[in-house]
Amino acid sequence: MDPRTRFLLTSAAGAAVTANALRPVSRFGRGNSGEFLLGMPTSEMPLHAAAFQGVLALLTGRGGGVRGWRGAAGMGLAAASAAGLWRLHRDGEQAQDVLERALIDGLGDDYHERIGLEHGPLPPVALSRRSVMLSDLRARRRYVAPTARNLAYGDAGRRNRLDVWRRTDLPADGRAPVLVQVHGGAWIMGQKEGQAHPLMAHLAERGWVCVTINYRLSPKATWPDHIVDVKRAIAWTRANIGQHGGDPANVVITGGSAGGHLAALAALTPGLPAYQPGFEDADTSVTAAVPFYGVYDFTNRDGVAIRALEPLLSARVFKTSLADDRPTWELASPMSHVGPDAPPFFLLHGTNDTVVPVEQGRSFASMLRDVSRQPVVFAELPRAQHAFDVLPSVRVHHTVHAVERFLAVVRSTPAAVPPGRPVAADQT
């Protein structure tokens with residue numbers, strides 16, 4: 001291939017990847033998996049992408065690749081891509097302001113003053129060049145002792161296993177706050193390792209105990225197996241976390257995507273008998289919920305679901321159709337359980353999400369704000385893709401600090417912690 005053509009094509013490909021990260025072509029169709037797979041790492045690690053594209057430009061530009069009109073066009077595309085990547089980097093840095101505005105909107109402009117000294121977050125960790133450029137792959141090894149790995153909370157084998165993250169110097173008989181993490185994966189894949197590590201490592205370092213769980217997956221599992229397992233894990237946590245230094249009275253739940261759906265649903269349905277077979281009397285309430293880019297409705301009541309969702313749920317998760325089994329689908333939707341007794345919520349969603357549109361997060365946040373007696377914070381992160389919090393990016397650095405501040409307010413406000421409530425008979 002002519003070096004000029006090779007250089008032009010390489011530059012065009014890099015520019016296309018950057019353009020997709022800046023603004024995906026479609027956020028509601030079926031063909032959005034490629035946009036997500038290319039967009040998420042580029043939008044979260046734009047400096048890495050810039051370095052990679054720069055090396056490719058140097059390699060393909062040798063031997064006369066930058067000559068002539070094709071070379072000039074390639075240079076222009078490379079420059080445009082570099083500018084776009086710098087814009088993405090700036091978006092990540094400015095997430096700090098976006099998150100702070102969201103917290104003020106949801107908690108009040110005096111929320112910092114309402115944080116009790118005993119619950120106050122430690123000073124923010126400074127961003128370093130190393131933390132931005134190199135991922136910490138040792139977090140699980142550092143915070144999960146061999147005796148706290150793969151603990152059984154149910155009888156479904158490895159799908160009912162969990163890990164407990166904690167600092168080694170945390171008192172075993174302490175009263176540390178607890179975070180339960182529910183992984184994503186469209187209810188059909190995923191595991192407790194590999195997701196939400198930046199958040200759990202940050203909170204574990206700050207003295208939290210984090211519990212990350214597996215749960216049964218479709219198509220082998222059929223709904224409501226997934227939420228039953230999540231609730232069983234919450235019940236296990238409340239009964240056993242004291243042995244690991246955690247406070248069973250202060251359990252927060254989080255998760256992303258399908259995990260965000262399960263976290264939100266669990267938070268809104270404490271004690272729901274249909275989802276607690278055989279352990280109906282167990283306390284599965286939580287003090288707060290922090291769902292990331294969750295699915296909050298299976299019936300598309302707000303008209304913003306992607307077209308692939310209903311066929312996936314029908315064929316692999318529920319194994320029934322929405323038309324034939326609407327009550328089951330509605331009961332499984334967090335939007336169906338929004339009420340005045342909802343716990344405090346902090347919802348996070350990226351505006352460029354091509355898997356779960358940000359509009360669903362907006363609808364759910366609006367519904368909660370209309371009726372909940374507790375704080376509701378909703379942060380839309382500009383140009384963030386689905387699963388943005390998996391990587392230790394600049395944006396995620398600011399996000400985990402914002403989550404910590406939100407939880408500090410919740411812990412400092414006893415009235416914001418609703419007790420587990422009985423479930424109405426018509427919800428069974």
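Can you spot a residue in segment 191-202 that is under 22 Å from Trp165 (Cα atoms), touching a residue at least 24 places away in the same chain (Cβ under 8 Å), more than 14 Å from the chain's Cα centre (by Cα) and part of a helix (DSSP H, G or I)?
Yes, the conditions are met somewhere in segment 191-202.
Can you name every residue in segment 388-401 that is touching a strand residue (DSSP E or B) at 6+ places or on another chain (Cβ under 9 Å), crowded, with 22+ Cβ neighbours inside 10 Å and either hydrophobic (A, V, I, L, M, F, W, C) or closer than 17 Å to Leu268 by Cα (or both)?
Matches in segment 388-401: Phe388 only.
One line per residue, one yes/no per condition, for (1) small (Gly, Ala, Ser); (2) farther than 22 Å from Ser333 by Cβ; (3) out of contact with any helix residue (DSSP H, G or I) (no Cβ under 9 Å at 6 or more places or on another chain):
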site: Ala249; (1), (2), (3): yes, yes, no
site: Gly255; (1), (2), (3): yes, no, no
site: Leu268; (1), (2), (3): no, no, no
site: Gln276; (1), (2), (3): no, no, no
site: Asp283; (1), (2), (3): no, yes, no
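Scan Gly63, Gly74 and give me the residue that is at pLDDT below 95 and touching a Leu at 6+ places or on another chain (Cβ under 6 Å).
Working: Gly63 fails: touching a Leu at 6+ places or on another chain (Cβ under 6 Å).
It is Gly74.
I'm trying to understand the selection: among the residues of segment 151-174, which are surrounded by 14 or more Cβ atoms within 10 Å (Cβ to Cβ) and either more than 23 Å from the chain's Cα centre (by Cα) or not basic (Lys, Arg) (or both)? Let's see the steps before the verdict.
Kept after step one, since they are surrounded by 14 or more Cβ atoms within 10 Å (Cβ to Cβ), are these residues of segment 151-174: 151, 153-154, 156, 159-167, 170, 174.
Of everything in segment 151-174, those that are surrounded by 14 or more Cβ atoms within 10 Å (Cβ to Cβ) and either more than 23 Å from the chain's Cα centre (by Cα) or not basic (Lys, Arg) (or both) turn out to be Leu151, Tyr153, Gly154, Ala156, Asn160, Leu162, Asp163, Val164, Trp165, Leu170, Gly174.
List every residue pair whose Cβ atoms lie under 7 Å apart, where the two residues are 6 or more positions apart in sequence or sit on different chains, the first residue falls within segment 87-105 and is over 26 Å from Pro375 (Cβ atoms) and modelled with pLDDT of 95 or more, and the second residue, located anywhere, is of a type in the set (Gly, Ala, Ser) and assigned to a helix (DSSP H, G or I).
Going by the 7 Å Cβ cut-off, the qualifying pairs are Leu88/Ala21; Leu88/Ser43.
Could you list, in sequence order, all residues of segment 246-282 that are in a loop (DSSP other than H, G, I, E, B) and of a type in the set (A, V, I, L, M, F, W, C)?
Leu272, Phe279, Ala282
The values are calculated or read from the model by the stated rules, or taken from the named source; none is laboratory data. None of these values were measured; they are calculated from a predicted model. Glycine also receives a Cβ, built like all others from the backbone with ideal geometry; neighbour counts cover every protein chain displayed.
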